[in-house]
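As structure tokens, the structure follows; a few thoughts come after it.
The values are calculated or read from the model by the stated rules, or taken from the named source; none is laboratory data. Model, not experiment: these values are computed from the prediction. A quick note on method: Cβ atoms are made from the backbone with ideal geometry, for glycine too, and the neighbour counts reach across all protein chains shown.
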Amino acid sequence: MEIERINENTVKFFVTYVDIEERGFDRNEIWFSRERSEELFWEMMDEIHQEEEFVAEGPLWIQVHALEKGLEVIVTRAQVSKDGQKFEVPVGENDKIDIPVDGKIEALLDHQANQNKKADFEEEIIEDEGLQFVARFQDLEHLISLSHHLELDDIINSMYVFEGKYYLYVEFTDDEDFVAEIDNILSIILEYANESNVTVHRLMEYGKELISENALEQVKQYFPLR
């Protein structure tokens, strides 16, 4: 595994698929098994801690690039803002995303492979997924209310039900021109929901997808605000 310390709060590493298999992991299972992907990730982070004294604590911003011969992973520790109310996550050289301090950023090794399980992993090159966010609603009424107060035009968003609760999955791009809007969107969502520890991978595997695209817009159309 190749490790590069970018700065005090960011580290980048590259691990080949051969190395992954030598560690006892099947190349495909890291995409489809949350438990195994987490196990692999924390095993690698332990090595990084020993070599670079990089402590993976607090909310983490994790970017995964699946390349032809292995995985390139960038891990950044989010920093608490000066007022103690938000986490600041670097995006680019000069921009940051602010996340309310009561929500944790859980971006593990989820992957878009579920969209096409028959893809050829030898040839497929997956680009950075950006920021993924999963919100859990206490009941459907809260989700309906949100749909009438927020528009997610050109933003990936889908709706799931899992263990009796409703979930909204949102995926933002890391377009620098859009960074300022992300904070506002997340703040509005968190007025109606809580950030969930359940990953989108788990929702795909164990939950039920109710609306695959433009979820908020469709909820708004089907359910009038009471």
Which listed residue is modelled with pLDDT of 50 or more, surrounded by 13 or more Cβ atoms within 10 Å (Cβ to Cβ) and under 17 Å from H65 (Cα atoms), from Q112, Q132: Q132
Answer yes or no as to whether E35 is closer than 23 Å to V198 by Cα, assigned by TED's automatic domain parsing to the domain that holds V75 and not aliphatic (A, V, I, L, M). yes
